[in-house]
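Read the structure below first, then the notes.
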Amino acid sequence: MSLVIDGRPCIARLTLGALAELEESLGEDTLLSLVERFESSRFSSRDVLALLGAGLRGGGADIGEEVLARADIEGGPMAAARAAAELLARAFVVPE
């Protein structure tokens, strides 16, 4: 998926390494609890930053969460939350 950050398009995808990074950064044993938080709309801005940061690094961007926290994400915080949820959903879709 693509996000526009500070006026430039960036690719985001959750690779296996990015998923492992996400588990560690959020202190989760599994990602199921994170999926459940997003499904029930109980996610935090920290969850969104962690997901987007891991996804952007998985897509090849060298961007830290502290930089991402100050970045201008096209569409604002709601677009960022939607993108994070979509990244997470795509990571667990079984290809046909």
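We did not get these values from a lab; they are worked out from the coordinates using the rules stated. Quick caveat, the model's predicted, so the values are computed rather than measured. We place every Cβ from the backbone using ideal geometry, glycine too, and count neighbours over all the protein chains shown.
Side notes on the structure shown:
- Distant alpha-carbon pairs in the chain (separation over 17 angstrom), percent: 43 percent
- For the residues Asp29, Asp72, Asp47, a GNM of the chain with alpha-carbon springs under 10 Å puts the largest fluctuation on Asp29.
- Phi-based couplings in Hz for the stretch 61-73 (Karplus 6.51, -1.76, 1.60; Gly and Pro marked x): 7, 9, 9, x, 5, 5, 6, 4, 4, 9, 6, 8, 9
- DSSP-assigned coil residues among chymotrypsin sites (Phe, Trp or Tyr not before Pro) in the stretch 1-92, each with at most 14 further Cβ atoms within 10 Å: Phe92
- Taken over the Cα atoms of the stretch 50-96, the convex hull encloses 81 Å³ per residue.
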